[in-house]
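The structure appears right after this line, and notes come after that.
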Amino acid sequence: MALAEEGVKVAVNYCSNTERAKATVREIKSRHRTEAIAVQANVSNSEEVEQMFERVEGEMGLVDILVNNAGIWPAAYVKDMTEEQWDATIDVNLKGPFLTCRQAVQRWLATGGSGRIVNISSQAAFYGSTTGHADYAAAKAALVNFTKSLAREVAKDGIYVNAVAPGFMDTDMAREAFEKGRERYLERIPLGSIADPAEVAWMVVFLASDRASYITGATMDVSGGMIMR
């Protein structure tokens with residue numbers, strides 16, 4: 001929504017929730033009068049990622065902004081965690097950004113174009129997890145380092161790669177956990193509130209814009225003060 005408000009054409013990727021993706025597209029079109037399409041793809045599957053880019057470019061032109069915000073957050077302590085859960089979390093939260101970034105960079109280099117990548121990490125990358133999300137924290141920490149490494153590789157080509165590390169956000173994925181332990185979570189946030197997703201989206205818009213022309217390889221904290229540095 002925040003990108004659409006700036007006039008960006010938006011391709012909404014989804015894995016299985018077709019109706020919600022289509023509803024999001026309708027809302028973008030009605031609220032912001034910009035182009036939008038819904039595109040199905042499992043971001044951890046390289047063939048589907050390539051097909052996603054092909055469709056988006058066929059309908060909307062060259063991609064110039066990539067936001068990696070697909071994520072899963074299953075709960076299990078390491079002693080109880082299955083190999084299948086570990087693999088699924090790493091596949092979506094780390095392999096997915098690798099595959100989409102690789103596809104975008106390959107296309108930009110082939111056409112002599114440039115672009116901006118914003119990867120969504122998490123404060124868990126720096127804190128770790130004490131609530132049964134070690135797989136998620138590990139993937140998000142690796143994503144911070146992947147962001148820096150890719151930024152170094154492609155800076156000379158005019159491709160910007162940054163990350164955003166949100167703190168606690170009011171999203172469907174985390175809402176149940178926050179409702180159960182709200183006071184405990186709020187105690188860790190100096191500003192004393194859980195973020196509205198829009199507060200994170202504004203940082204994404206900034207990093208995707210020309211106003212961030214001297215920033216690459218950075219991870220921007222949007223955490224209500226959970227981390228200060």
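The table below lists the values:
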read-out: Selection within the range 177-229 - of a type in the set (S, T, N, Q) and either touching a Cys at 6+ places or on another chain (Cβ under 6 Å) or part of a loop (DSSP other than H, G, I, E, B) (or both); value: Ser193, Ser209, Ser213, Thr216, Ser223
read-out: Test: residue in the range 64-85 that is surrounded by 19 or more Cβ atoms within 10 Å (Cβ to Cβ) and more than 18 Å from Met173 (Cβ to Cβ); value: yes
read-out: Filtered residues of the range 70-120 (kept if over 16 Å from the mean Cα position of the chain (by Cα), among the charged types (D, E, K, R) and part of a helix (DSSP H, G or I)); value: Glu83, Glu84, Asp87, Arg107
read-out: Matching residues, the range 26-69, being in a loop (DSSP other than H, G, I, E, B), among the small types (Gly, Ala, Ser) and within 30 Å of Glu176 (Cβ to Cβ); value: Ala41, Ser44
read-out: Any hit, the range 28-46, residues being among the hydroxyl-bearing types (Ser, Thr, Tyr), within 22 Å of Ala201 (Cα to Cα) and without any contact (Cβ under 8 Å) to a residue 60 or more places away in the chain; value: yes
read-out: Selected residue (only one of Tyr160, Tyr185, Tyr136 is out of contact with any strand residue (DSSP E or B) (no Cβ under 9 Å at 6 or more places or on another chain), in contact (Cβ under 8 Å) with a residue 12 or more places away in the chain and either surrounded by fewer than 18 Cβ atoms within 10 Å (Cβ to Cβ) or farther than 14 Å from Asn69 by Cα (or both)); value: Tyr185
read-out: Selection count where residues are of a type in the set (Val, Ile, Thr), closer than 10 Å to Met169 by Cα and in contact with an Asp or Glu (Cβ under 7 Å, 6 or more places away or on another chain), scope the range 187-221; value: 1
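Read-outs throughout are calculated quantities, based only on the coordinates presented, and are distinct from any laboratory measurement. Note that the structure is a prediction, hence the values are computed from the model and not measured. Here Cβ is always computed from backbone atoms with ideal geometry, including for glycine, and neighbour counts include all displayed protein chains.
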